[in-house]
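One structure is given below, encoded as structure tokens.
Only the coordinates and a few stated rules stand behind these numbers; no lab work does. Just so it is clear, the structure is predicted and the values come from calculations on it, not from any experiment. Ideal geometry is used to build each Cβ from the backbone, glycine not excepted, and the neighbour counts take in all protein chains shown.
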Amino acid sequence: MFSYTACRQLSQMFFAVFFFHMSEYILAIAFHGSQSVTLRSLLISKNYILAMLFSMMEYIVEIVLFPGSKDFWWISNVGLVMVIVGEIIRKSAILTAGRSFTHIIKVCHEEHHELITHGVYGFVRHPSYCGFLIWSVGTQIMLCNPMSTIGFAFVVWHFFAERITYEEYFLKEFFGIRYEEYAQRVPSGVPFVK
């Protein structure tokens, strides 16, 4: 069951998840101070844990019943590249926005909150969401999990489609015409979300 393929894929998955969450937490502390950061900055929710458990269950069932289904190295490597690219995009978004980046949508304009339109934000309005979508789907492609790949793509896309609508309401309130013009010029970064 735990062949070289399984050990490679699972170790890459565990490292990707560990690195993602720890770097999010460390960057939150770096930009907002340890007093302002809680464990919520690790971005681990009940739904996230359930999704990851389903992903691991799918992996184990498939490797036991259909061990050859995990031996598509080129598919697994495409997933690994997606994980790396998604991580780079998301962390670029956080580093570019600095203190203006938070894990919780701000509903009140704060003094340090500014409209960021340079760097990776010059290409997409929501690069952190774009990066996470690529990263999360990439983790499942890396594991050669067909059901979880489809499930993660749909669930994460749906989550961000709703979140972008909600967040942009406040961004328009905070920045007015500047944000509206920016939104007309630059795509959201999440497919099929205007």
Checklist line | Stretch gain in nm, segment Gln184-Ile49, where the contour uses 0.36 nm per residue and the Cα spacing is subtracted | finding: 45.0 nm
Next item on the list: Calculate, for Ser34 and Glu110, the FRET efficiency according to 1/(1 + (r/R0)^6) with r their C-beta to C-beta distance and R0 22 Å; round to the nearest 0.05.
Entry: 0.75
Next item on the list: Could you check the simple spin-label distance between Val17 and Leu65, using points 7 Å along Cα→Cβ, in nm with one decimal?
Entry: 2.1 nm
Notebook entry, point to check: Taking the chain as a Gaussian network, where each spring joins two C-alpha atoms under 10 Å apart, which residue of Gly68, Gly98, Gly151 fluctuates the most?
Noted result: Gly68
Check: For the chain, modelled as a GNM with alpha-carbon contacts under 10 angstrom, which of Glu168, Glu111, Glu24 fluctuates the most?
Finding: Glu111
Next item on the list: Could you pull out which residues in the range 57-75 have an amide N less than 18 Å from a spot 7 Å beyond the Cα of Tyr4, following the Cα-Cβ vector?
Entry: 67-75
Check: Are there any helices in the chain, counted as whole DSSP H runs, that stretch 30 Å or more along their axis by Cα and score at least -1.0 on average by Kyte-Doolittle, and if so which?
Finding: 4-32, 73-97, 146-175
Next item on the list: Please state the charge dipole magnitude for the chain, taken about the Cα centre, from unit charges on C-beta atoms (+1 on K and R, -1 on D and E), reported in debye and rounded to the nearest 20.
Entry: 120 debye
Next item on the list: Please work out the FRET efficiency for the pair Phe170 and Asn77, using the Cβ-Cβ distance as r and a Förster radius of 45 Å; give the result to the nearest 0.05.
Entry: 0.70
Note to self: Let me check the size of the range 44-94 from its C-alpha atoms; what are the radius of gyration and Dmax in Å?
What the structure shows: 14.1, 41
Notebook entry, point to check: Which lysines does Lys172 reach when only Cα atoms under 16 Å apart count, and residues fewer than 8 places away in its own chain are ignored?
Noted result: Lys106, Lys194
Item checked: Mean shadow area of the range 99-194 over all directions, Cα convex hull, nm² -> 6.4 nm²
Margin query: Would you calculate the convex hull of the Cα atoms in the chain and tell me its volume per residue in Å³?
Written below: 114 Å³
